[in-house]
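A short write-up of the structure that comes next.
What follows is calculated from the coordinates using simple rules that are stated; it is not laboratory data. This is a predicted model, so every value here is computed, not measured. No Cβ is skipped: glycine too gets one built from the backbone with ideal geometry, and neighbour counts run over all protein chains shown.
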Amino acid sequence: MTHMSCLFPALACAALLAPAPAHAAGPLPQLRAYEVREAWRQPVAPVRIARNTWHIGTAGLSALLVTGKDGAILIDGGMPQAADHLLANLAALGLQPSQVKWIVHSQAHADHVGPLAAVKRATGARVASNAESAALLARGGADDLHFGDGMLYHPLQVDRLLQDGELLELGDLRLQVHFTPGHTPGSMSWSWNDIGTDGAPVRIVYADSLSAPGYRLLDNPRYPRIVEDFRRSIATLRALPCDLLLTPHPEASGWRYDASPVRERELDCRGYADAAGAALDAQIEKERAAR
Ligand SMILES: [Zn+2]
């Protein structure tokens, strides 16, 4: 591929033509409007989670690539400024951008879907989401129920609307979506089967955030059933077959992609759900006491 025939934005092309070793790069720049900690912007080289499952994002934000014989599925991308890093990591894995066939996500917040519009342009992948999230993606994160216009990103057009429990299939890959509303009304978790690094089958769950950072939980006029949604989602995740748990914020499930070993502690879906339930109860109690 030459510069003349390159269809992608200049930076993405440069990254594809001569991929720099991702782990050697410094942190990506801050966004003036949405500043986040350095680990969320720190590129890391691809991390193998299981035979077909890779982390290709930054040290502190998950971007998962599930690869099969007919192409790959990207789940989440991290911050808006991470697009070129994701494409560089694809190249580091020997994949062409066009081999990414589907893009899906957890929550439609800027720190997880920020670069997906750019990645869609660069790869030609189709985007699958649910109706709730599709509306927020189309607004580029504007009018968020809790954050207003505080976390914006390039709007993303959804190509296929998913129903709860639906399978997204690509060749030999089968990902199942589980609606887990609460952190956002359109929050989604994902499960798929893979082979672990020890050669044994693993049922992987990528569970969306169950946190309510600064949210009003009691009598929220914009989201009246938020607590019921959280409780149902916690029960959904608690009941999933789950040998290996991953989360959009890796530390929430015991991972650190810039550490060795990358898995600092073992946490399963049950433990994750129970911790979320306890945190939710404590937050509700605090809110009640402050009334
Ligand atoms: Zn979020």
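Choose one answer from Phe147, Phe230, Phe179: the residue with the largest mean-square fluctuation in a GNM of the chain with alpha-carbon springs under 10 Å. Of Phe147, Phe230, Phe179, the Gaussian network model singles out Phe147 as fluctuating most. Projected label points at Glu35 and Leu161, each 7 Å from Cα along the beta carbon direction, are separated by 4.0 nanometres. For the range 21-159, the alpha carbon positions stretch 39, 33, 23 Å along the principal axes, listed from largest to smallest. Close amide H pairs (under 5 Å, H built 1.01 Å from N) link Met188 with Gln107, Thr180, residues at least 5 positions away or on another chain.
What is the antiparallel percent of DSSP beta bridges lying wholly in the chain, to the nearest 5?
Numbers: 28 of 40 bridges.
Rounded to the nearest five, the antiparallel share is 70 percent.
Dividing the Cα radius of gyration of the range 141-279 by 2.2 N^0.38 Å, with N the residue count, gives 1.13.
Ranking of Lys120, Lys286 by neighbouring Cβ atoms within 10 Å, starting from the fewest: Lys286, Lys120. Taken along its principal axes, the alpha carbon cloud of the chain reaches lengths of 63, 44, 35 Å, longest axis first. Taking amide H as placed 1.01 Å from N in the peptide plane, Asn130 has its amide H under 5 Å from the amide H of Leu162, each at least 5 places away in sequence or on another chain. Put a dot 7 Å past the Cα of Ser260, heading toward its Cβ, do the same for Asp172, and the two dots end up 3.1 nm apart.
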